[in-house]
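This report refers to the structure that appears directly beneath it.
The values are calculated or read from the model by the stated rules, or taken from the named source; none is laboratory data. Quantities reported herein were computed from a predicted structural model and do not represent experimental measurements. All Cβ positions, even for glycine, are placed from backbone atoms using ideal geometry, and neighbour counts span all protein chains on display.
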Amino acid sequence: MATAAFEEIAETFDFLDDWEDRYRHVIEMGKTMPPLDDAFKVDATRVDGCASQVWLVAGPDDDVFHVRGDSDAMIVKGLVAILAALYDGVPVTDVARIDAHAELARLGLSDHLSAQRSNGVRAMVDRIRTVAAVQG
């Protein structure tokens with residue numbers, strides 16, 4: 001169960017031959033993602049467990065879940081963009097049904113991220129799922 005935006009990312013990853021191209025694509029996604037307003041870059045939105053600074057603003061609006069975020073590291077900002085593509089716009093009740101690990105494995109990310117970055121992605125997914133459970 002993935003959004004059209006995430007499916008588009010998966011198709012692009014299938015098209016790209018090597019991991020250098022895929023990393024560049026992740027970085028480009030981070031660069032094109034709208035920046036998070038500094039007013040949201042506070043402790044309450046900061047994700048613990050990430051080596052880089054990461055802020056996520058997530059929550060429902062009329063039963064639809066939304067995710068926005070930012071990071072001080074370009075590759076991580078791209079990972080935030082991927083998670084936003086996976087979760088943004090889905091019904092709040094569907095957030096818990098999304099198997100982020102399996103969806104990200106389709107991209108091969110679990111095999112090509114450092115342990116520290118993998119832990120950061122897991123922390124971001126945990127934050128998203130927790131917010132959806134509390135606010136949904």
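Kindly indicate whether Asp63 is closer than 21 Å to Arg129 by Cβ and modelled with pLDDT under 95. Please lay out each step first, then the result.
Numbers: closer than 21 Å to Arg129 by Cβ: yes; modelled with pLDDT under 95: yes.
So Asp63 fits the description; yes.
Quick one: in the range 1-54, of everything that is of a type in the set (Ser, Thr, Tyr) and not in a helix (DSSP H, G or I), which residue is nearest to Asp99 (Cα to Cα)? Quick ask: steps written out before the conclusion?
If we filter the range 1-54 for residues that are of a type in the set (Ser, Thr, Tyr), which is where we start, we get 3, 12, 23, 32, 45, 52.
Those left that are additionally not in a helix (DSSP H, G or I): 3, 52.
On the way: Thr3: 12, Ser52: 24 Å.
Among those that are of a type in the set (Ser, Thr, Tyr) and not in a helix (DSSP H, G or I), it is Thr3.
Which residues, taken from the range 69-93, are over 24 Å from Gln53 (Cβ atoms) and among the β-branched types (Val, Ile, Thr)?
Just the residues of the range 69-93 that are over 24 Å from Gln53 (Cβ atoms), to begin with: 89-93.
Selection gives Val90, Val92, Thr93.
Which of the residues belonging to the range 102-127 are assigned to a helix (DSSP H, G or I), closer than 21 Å to Asp18 by Cα and either touching a strand residue (DSSP E or B) at 6+ places or on another chain (Cβ under 6 Å) or not polar (S, T, N, Q) (or both)? Before you say what the answer is, go through the steps one by one.
Residues of the range 102-127 that are assigned to a helix (DSSP H, G or I), as a first pass: 102-107, 109-112, 115-127.
Add one more test, that the residue is closer than 21 Å to Asp18 by Cα, and what stays is 102-107, 109-112, 115, 117-118.
Answer for the range 102-127, where residues must be assigned to a helix (DSSP H, G or I), closer than 21 Å to Asp18 by Cα and either touching a strand residue (DSSP E or B) at 6+ places or on another chain (Cβ under 6 Å) or not polar (S, T, N, Q) (or both): Ala102, Glu103, Leu104, Ala105, Arg106, Leu107, Leu109, Asp111, His112, Ala115, Arg117.
Give Ala96, Ala132 a once-over and let me know the one that is closer than 20 Å to Val54 by Cβ, in contact (Cβ under 8 Å) with a residue 24 or more places away in the chain and in a helix (DSSP H, G or I).
Details: Ala96 fails: closer than 20 Å to Val54 by Cβ.
Step by step, each of Ala96, Ala132 is checked, and only Ala132 is closer than 20 Å to Val54 by Cβ, in contact (Cβ under 8 Å) with a residue 24 or more places away in the chain and in a helix (DSSP H, G or I).
In this structure, is Gly120 of a type outside the set (A, V, I, L, M), crowded, with 16+ Cβ neighbours inside 10 Å and under 20 Å from Asp43 (Cβ atoms)? Before the answer, list the steps.
Numbers: of a type outside the set (A, V, I, L, M): yes; crowded, with 16+ Cβ neighbours inside 10 Å: yes; under 20 Å from Asp43 (Cβ atoms): yes.
Yes, satisfied.
Look through Gly59, Gly69, Gly49 and report the one residue that is surrounded by 12 or more Cβ atoms within 10 Å (Cβ to Cβ) and under 11 Å from the mean Cα position of the chain (by Cα). Even if it seems obvious, please write down each step before you answer.
Numbers: Gly59 fails: under 11 Å from the mean Cα position of the chain (by Cα); Gly49 fails: under 11 Å from the mean Cα position of the chain (by Cα).
Of Gly59, Gly69, Gly49, the one residue that is surrounded by 12 or more Cβ atoms within 10 Å (Cβ to Cβ) and under 11 Å from the mean Cα position of the chain (by Cα) is Gly69.
Give me the residue from the range 126-136 that is in contact with a helix residue (DSSP H, G or I) (Cβ under 9 Å, 6 or more places away or on another chain) and surrounded by fewer than 22 Cβ atoms within 10 Å (Cβ to Cβ) and, out of that set, nearest to Leu56 (Cα to Cα).
Val131
Looking at (1) in contact with a Gly (Cβ under 8 Å, 6 or more places away or on another chain); (2) aromatic (Phe, Trp, Tyr); (3) under 24 Å from Thr12 (Cβ atoms), which is the one condition that is false for Tyr87?
Only one criterion is unmet by Tyr87, namely (1).
Out of all the residues in the range 72-88, which are buried (at least 17 other Cβ atoms within 10 Å of the Cβ) and either more than 12 Å from the chain's Cα centre (by Cα) or not aliphatic (A, V, I, L, M) (or both)?
Correct list: Ala73, Lys77, Gly78, Tyr87, Asp88.
Within the set of pairs 6 or more residues apart or between chains, which connect a residue that is more than 15 Å from Val76 (Cα to Cα) inside the range 10-24 to a residue that is part of a loop (DSSP other than H, G, I, E, B) with Cβ atoms less than 9 Å apart?
Correct list of pairs: Ala10/Ala2; Phe13/Gly108; Trp19/Gly108.
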